[in-house]
Amino acid sequence: MKILKEIYDYRQMIISLVRKDLRGRYKGSVLGFLWTFINPLLQLVVYTLVFSVLLKNNIDKYYLFLFVGLVPWIFFSGSLTTGSISVLGQKDLVKKIYFPREVLPISYVTSCFVNMLFSFVIIFLVVFVSGTGVSLRALLFLPLVMMVEYILALGVALLTSAITVYFRDMEHILGIVSMAWLYLTPIMYSIDIVPEKYMTLFMLNPMTPVIVAYRDIIYYKQIPQISTLLHALVFGLIVLLIGWFVFSKLKKHFVEEL
């Protein structure tokens, strides 16, 4: 409770860091903030071309099916890979002044989360253009799923950012992990094609119930199953607790290691 109160006291610092990251993310580029929308759109075009033209599948409106999973994945992947250097990248700040070190991964994940919210504007535009419509009842669960993913992403960022301070190779390892994790998550394919004998192992992936819930709400226009939501929430809380515990233990010697 003490550290939570301290983080709350430094909320203005978190807000400032989030604004700084959002403003500086595409600073100096010609298109600037438009890359927030262009990046997922370009990935959508490439994956749609590969999986609906070259490697054909029977999924109706595959572009929408893919986009609904791809945008949340970009948020999580960023929290996993770039979030791992959120402390290392601010080493001068860490050395000079005191503040709760948790502020750094929290601010970075929050920045990625805000970026995802902007990208969801594109998702709903795609939904509108495709003519599929939405279910208002199902959409009521969308903020819940977003918060569950935020908790999961924050736990991962806390864990990886603390370890990266001591083990600098983690940044490069996580790039490979992220690529493998992408293909082990039902983003470019339906979970229905996973063989039953591998389903239990497959569901140990904490991003699986998250993507399934997003897709239920937006693509299938139905309320996610309670079991899916609970599965995602439990995974998210476990990862957050592990990340918080490891970060709190390792942060004591950040200054010496940096």
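FYI, it's all coordinate maths here, none of it is from the lab. If you're wondering where the values come from, they're calculated on a predicted model, not measured in any experiment. In this analysis, Cβ positions are derived from the backbone assuming ideal geometry, glycine residues included, and neighbour counts consider all displayed protein chains.
Remarks
- Share of alpha-carbon pairs per 5 Å distance bin for the range 192-258, given as whole %: 3, 15, 17, 18, 14, 9, 8, 7, 5, 3, 0
- Listed residues MET188, MET13, MET207, most fluctuating in the chain (Gaussian network, C-alpha, under 10 Å): MET13
- Among the listed pairs LYS2/LYS95; LYS2/LYS96; LYS2/LYS249; LYS2/LYS251; LYS96/LYS251, a Cα-Cα separation exceeding 18 Å is found for LYS2/LYS95; LYS2/LYS96.
- Top of GLY236, GLY131, GLY83 by mean-square fluctuation, Gaussian network on the chain, Cα under 10 Å: GLY131
- Across the chain, the mean sequence separation of Cα contacts (distance under 8 Å, 6 or more residues apart), normalised by length, yields a relative contact order of 27 percent.
- Among VAL50, VAL18, VAL127, residue whose mean-square fluctuation peaks in a GNM of the chain (springs only between Cα atoms under 10 Å): VAL50
- Neighbour-count order for ASP192, ASP9, fewest beta carbons within 10 angstrom listed first: ASP192, ASP9
- Cβ-defined net charge surrounding PHE141, 13 Å radius [Lys, Arg +1; Asp, Glu -1]: +1
- Each label was represented as a point 7 Å from its Cα along the Cα-to-Cβ direction; for PHE167 and ASN205 these points are 2.3 nm apart.
- Each pair of Cα atoms in the range 44-135 enters the Kirkwood radius, and Stokes-Einstein at 37 °C and 0.692 mPa s then converts it into a translational diffusion coefficient of 210 µm²/s.
- Here the 3J(HN,Hα) profile of the range 189-197, calculated from phi with Karplus coefficients 6.51, -1.76 and 1.60 at θ = phi - 60°, is 8, 7, 5, 5, 7, 6, x, 4, 5 Hz, Gly and Pro shown as x.
- Listed residue (ILE187, ILE106, LEU44) projecting farthest to the positive dipole end of the chain, Cβ model: ILE106
- Here the label points at ARG11 and LEU258, each 7 Å from Cα along the C-beta direction, are separated by 2.4 nm in the simple model.
- Kyte-Doolittle mean at least -0.5, axial Cα span of 15 Å or more - DSSP H helices of the chain: 11-24, 35-48, 62-80, 103-130, 142-166, 170-183, 207-218, 226-250
- Across the options LEU142, GLY131, MET116, the greatest Cα extent toward the positive end of the charge dipole of the chain (unit charges at beta carbon of Lys, Arg, Asp, Glu) belongs to MET116.
- Order of MET203, MET116, MET147 under a 10 Å beta carbon neighbour criterion, fewest first: MET147, MET203, MET116
- The rule of thumb for compact globular proteins, 2.2 N^0.38 Å, goes into the C-alpha radius of gyration of the chain 1.04 times.
- When peptides 210-216, 229-235, 175-181 are sorted by average Cβ neighbour count within 10 Å, with the highest value leading, the order is 210-216, 229-235, 175-181.
- Charge tally for SER130 (other residues, Cβ to Cβ under 13 Å; Lys, Arg +1; Asp, Glu -1): +1.
- Along principal axes, Cα extents of the range 106-258, largest first, whole Å: 57, 38, 26
- Residue exposure sequence - ILE218, ILE74 - by fewest surrounding Cβ within 10 Å: ILE74, ILE218
- Modelled FRET efficiency - R0 30 Å, VAL134 with LEU241, Cβ distances, 0.05 increments: 0.30
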